[in-house]
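Contents: one structure, followed by commentary.
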Amino acid sequence: MILTVLSALASITVSVNYDMKEYLPEDAQSTIAMEIMEQEFEGSVPTNRVMMNDLSIQEALDFKEKLSSIDGVSDVTWLDDAIDIKAPLEIADEEVVESYYKDGKALFLFSILAGDEVAVTSAIYELIGEENAMAGESVNTATQQTMAGKESMYAAALLVPIIILILVLSTNSWVEPLFFLTAIGVSVLINMGTNIFLGEVSFVTQSVAPILQLAVSLDYAIFLLHSFSDYRKKVADPHEAMQLAMKKSFSAITASASTTFFGFMALSFMEFEIGSDLGINLVKGIVLSFISVMVFLPALTLLLYKWIDKTQHKPLLPSFKRIGGAVTKSRLVSLLIIILLIVPAFLAQSQTRFTYGVGDQPETTRAGSDIAKIKESFGESTPIVLLVPKGEIANEEELVQDLEKIEHVSSVLAYVNTVSAAIPPEYLDASITEQFYSENYSRIILQTETKTEGTEAFQLIEKVQHTAEKYYGDDIYSVGESVTLYDIKNTVQKDNKLVNLLTIITIAIVLIVTFKSIGIPLILLLTIQSAVWINLSVPYFTDSPLVYVGYLLISIIQLAATVDYAILLTDAYKEYRTEMTVLEAVKKTVDEKIFSIGISASILSSVGFILWITSSNPIVSSIGLLLGRGALLAFIMVVFFLPACLLVFDKLIMKTTWKANFYKGK
């Protein structure tokens with residue numbers, strides 16, 4: 001309890017990182033480019049936009065000064081940085097002018113100092129009022145930071161009563177659910193507190209890890225107390241009953257924790273470090289939950305077991321004794337349906353359209369409605385900063401001309417076309433040249449008409465990079481939100497195969513050791529992996545884009561978290577199979593275990609759907625939806641498909657299981 005209190009206090013001091021680009025590997029092109037730009041140049045990439053209505057040229061210039069004077073705002077760019085506004089606008093390039101000034105509306109680009117997003121965006125909102133609009137990467141970060149705390153509280157307020165209700169329905173004591181939640185709640189708080197040694201956690205970890213830890217490890221507490229309850233009926237001394245319960249449930253809890261542990265451990269091998277950040281937290285959480293259930297929960301129960309006795313009630317749910325017969329009768333239908341679904345689901349889940357960032361905010365929010373206003377007036381606008389070696393003026397001039405010809409590039413800002421290629425930079429004041437030249441690099445800022453991500457945006461990045469390489473070889477770098485997302489895409493796609501393979505191999509090893517069999521692990525993995533494929537194929541069939549990070553994480557999380565259902569059912573089947581025929585064993589197993597599996601699945605599914613409902617962050621929301629749907633699909637597969645496989649492949653299981661000792665009577 002002392003450790004829990006200290007950890008609860010420590011968790012308040014753990015900072016949360018909302019910047020996805022910081023989780024790219026150090027050798028990613030955009031990471032290297034960002035480091036170079038920070039070393040060589042004062043300013044950063046202007047990834048944010050403010051649109052002001054009904055401004056004259058002079059009023060726009062005055063507003064630019066006001067925006068620049070806000071602490072934390074830098075690199076404010078407007079029309080006067082692209083053309084000479086002293087000359088009539090009618091003779092200037094129309095496309096360039098309309099990128100910044102159109103129908104009396106002025107669009108300004110600017111940067112916000114990392115870490116100051118919330119304070120700076122609040123100051124800008126105060127300056128521009130309700131009638132004008134602001135959008136951009138930093139604005140999205142500020143919105144997520146502001147919403148995260150509220151959404152976590154909202155999710156907890158919805159989730160805890162639902163879990164308590166599910167547990168009350170599944171037990172025979174009114175207070176027993178509080179013991180479950182206390183044991184796991186303590187481990188969740190200690191896990192969050194020990195993050196102080198990591199320094200910071202990602203926004204995905206902060207939003208997902210605590211309630212995911214609660215959902216996947218609540219089973220451990222349920223296993224122990226149910227076993228304790230059984231032994232109380234056989235043994236008079238509660239201490240002896242607890243010793244026997246701990247001994248009896250230890251192997252089941254260890255097997256359950258091991259598969260989840262190794263599944264989550266695979267996440268830590270992701271190059272895109274949001275995965276490893278979440279993986280480390282979940283692995284730590286599983287270990288702490290295991291220790292809490294085997295050390296803290298027995299002590300708490302023996303101290304307060306009389307409360308369990310005093311609050312006993314009759315079962316609130318009906319018996320499920322006839323389900324086993326229905327499941328065995330429908331085994332061929334179940335097998336046929338799943339076999340017909342597996343191949344299309346496997347193919348479809350690999351053809352889903354993906355997104356790689358957090359995307360736009362909903363239009364119901366100020367940030368979302370502002371994005372819509374800016375797009376309506378000025379269309380899409382995504383900046384890309386190109387860094388090329390300094391000193392080759394002729395190459396730079398030709399490169400800028402080539403960049404201006406590329407489709408979807410609306411304007412290019414460089415020394416050679418905004419000052420003059422004919423004027424040596426050393427003859428000018430540093431305040432004029434410093435935004436374009438550093439000691440070693442020349443900086444070229446492109447405004448593009450694409451979204452921050454997608455086929456069009458990523459093809460444009462490749463065109464820009466290939467164009468620059470013609471003049472400078474490999475010594476070129478690009479920076480920007482779309483470039484970051486392009487690198488995230490390439491990184492996580494490489495992660496996918498490695499992490500999925502590691503997950504399956506490690507879980508397979510645990511299953512082989514647990515069941516001393518080759519056939520059983522293959523059937524269990526096929527059951528849960530099929531549920532994963534069906535789950536991930538839904539976005540393809542509904543033509544909905546899926547956040548790739550959510551797709552990658554859930555393909556591991558669902559497998560690691562729901563394989564426990566299959567273990568629970570198969571463990572009981574294997575025990576009963578030594579005493580009775582395969583048909584009788586499967587019937588009895590389904591009748592006895594469907595309730596426990598249903599409780600676990602309903603808790604995990606509730607966690608997922610509540611994350612989906614409460615989170616405005618697309619990554620967290622997509623993880624929630626996939627988790628909620630995945631838990632239900634895993635439950636259906638374990639209750640219908642797995643028993644059918646056990647019936648059909650009984651002889652194969654017998655032959656591939658060491659010392660199976662299966663009953664051979666008729």
ask   = Which one of S606, S622, S616, S600 is within 35 Å of the chain's Cα centre (by Cα) and in a loop (DSSP other than H, G, I, E, B)?
value = S616
Region 497-524 residues that are in contact (Cβ under 8 Å) with a residue 24 or more places away in the chain and crowded, with 19+ Cβ neighbours inside 10 Å, paired with ones that are of a type in the set (D, E, K, R) and part of a helix (DSSP H, G or I) (beta carbon under 7 Å, 6 or more apart) = F515/K574
ask   = Of all the helices (runs of 4 or more DSSP H) wholly in region 47-160, which have at least 1 residues that are buried (at least 16 other Cβ atoms within 10 Å of the Cβ) and under 26 Å from the mean Cα position of the chain (by Cα)?
value = 117-128
ask   = Which condition breaks for W612 when tested against (1) buried (at least 22 other Cβ atoms within 10 Å of the Cβ); (2) among the aromatic types (F, W, Y); (3) under 19 Å from V216 (Cβ atoms)?
value = (1)
query = With respect to T352, is the statement that it is of a type in the set (S, T, N, Q) and assigned to a loop (DSSP other than H, G, I, E, B) true?
reply = yes
query = Any residue at all in region 185-204 that is in a helix (DSSP H, G or I) and under 30 Å from D370 (Cα atoms)?
reply = yes
message = Within region 431-467, take every residue that is under 34 Å from the mean Cα position of the chain (by Cα) and among the aliphatic types (A, V, I, L, M) and give me the one that is farthest from K390 (Cα to Cα).
response = A457
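Filtering region 393-410 down to residues that are among the acidic types (D, E) and in a helix (DSSP H, G or I), which residue is surrounded by the most Cβ atoms within 10 Å (Cβ to Cβ)?
First, the residues of region 393-410 that are among the acidic types (D, E): 396-398, 402, 404, 407.
Going one step further and asking which of them are in a helix (DSSP H, G or I), we end up with 396-398, 402, 404.
Details: E396: 23, E397: 17, E398: 15, D402: 17, E404: 17.
My answer is E396.
Would you check which residues across region 233-248 are surrounded by 15 or more Cβ atoms within 10 Å (Cβ to Cβ) and either among the small types (G, A, S) or in contact (Cβ under 8 Å) with a residue 24 or more places away in the chain (or both) and list them? Can you show your working first?
Residues of region 233-248 that are surrounded by 15 or more Cβ atoms within 10 Å (Cβ to Cβ), as a first pass: 235, 238, 241-246, 248.
Across region 233-248, the qualifying residues are P238, A241, M242, A245, M246.
Tell me whether region 416-435 contains one or more residues that are of a type outside the set (A, V, I, L, M, F, W, C), closer than 17 Å to T77 by Cβ and buried (at least 22 other Cβ atoms within 10 Å of the Cβ).
Just the residues of region 416-435 that are of a type outside the set (A, V, I, L, M, F, W, C), to begin with: 417-418, 420, 424-427, 429, 431, 433-435.
Right, trim to closer than 17 Å to T77 by Cβ and you get 417-418, 431, 433-435.
Going one step further and asking which of them are buried (at least 22 other Cβ atoms within 10 Å of the Cβ), we end up with none.
No; the residues of region 416-435 include none that is of a type outside the set (A, V, I, L, M, F, W, C), closer than 17 Å to T77 by Cβ and buried (at least 22 other Cβ atoms within 10 Å of the Cβ).
Looking at G324, G279, which one is crowded, with 22+ Cβ neighbours inside 10 Å and in contact with a Phe, Trp or Tyr (Cβ under 8 Å, 6 or more places away or on another chain)?
Working: G324 fails: in contact with a Phe, Trp or Tyr (Cβ under 8 Å, 6 or more places away or on another chain).
Just one listed residue meets the conditions, G279.
So is R331 in contact (Cβ under 8 Å) with a residue 60 or more places away in the chain, basic (K, R) and under 27 Å from I619 (Cβ atoms) or not? I'd like the intermediate steps shown before the answer.
On the way: in contact (Cβ under 8 Å) with a residue 60 or more places away in the chain: yes; basic (K, R): yes; under 27 Å from I619 (Cβ atoms): no.
Judged against the criteria, R331 is not a match.
Yes or no: I636 of a type in the set (A, V, I, L, M) and closer than 22 Å to L336 by Cα? Let's see the steps before the verdict.
Working: of a type in the set (A, V, I, L, M): yes; closer than 22 Å to L336 by Cα: yes.
Spelling it out, I636 is indeed of a type in the set (A, V, I, L, M) and closer than 22 Å to L336 by Cα.
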inquiry  = Just checking, does region 9-32 include any residue being touching a Gly at 6+ places or on another chain (Cβ under 6 Å) and assigned to a strand (DSSP E or B)?
reply    = no
request  = Given the conditions (1) small (G, A, S); (2) touching a Gly at 6+ places or on another chain (Cβ under 6 Å); (3) farther than 21 Å from L501 by Cβ, report the number of the one that A245 does not fulfil.
outcome  = (2)
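Here, each number is a calculation from the coordinates, and none is a lab measurement. Because the structure is predicted, anything quoted here is derived from the model rather than measured. In this analysis, Cβ positions are derived from the backbone assuming ideal geometry, glycine residues included, and neighbour counts consider all displayed protein chains.
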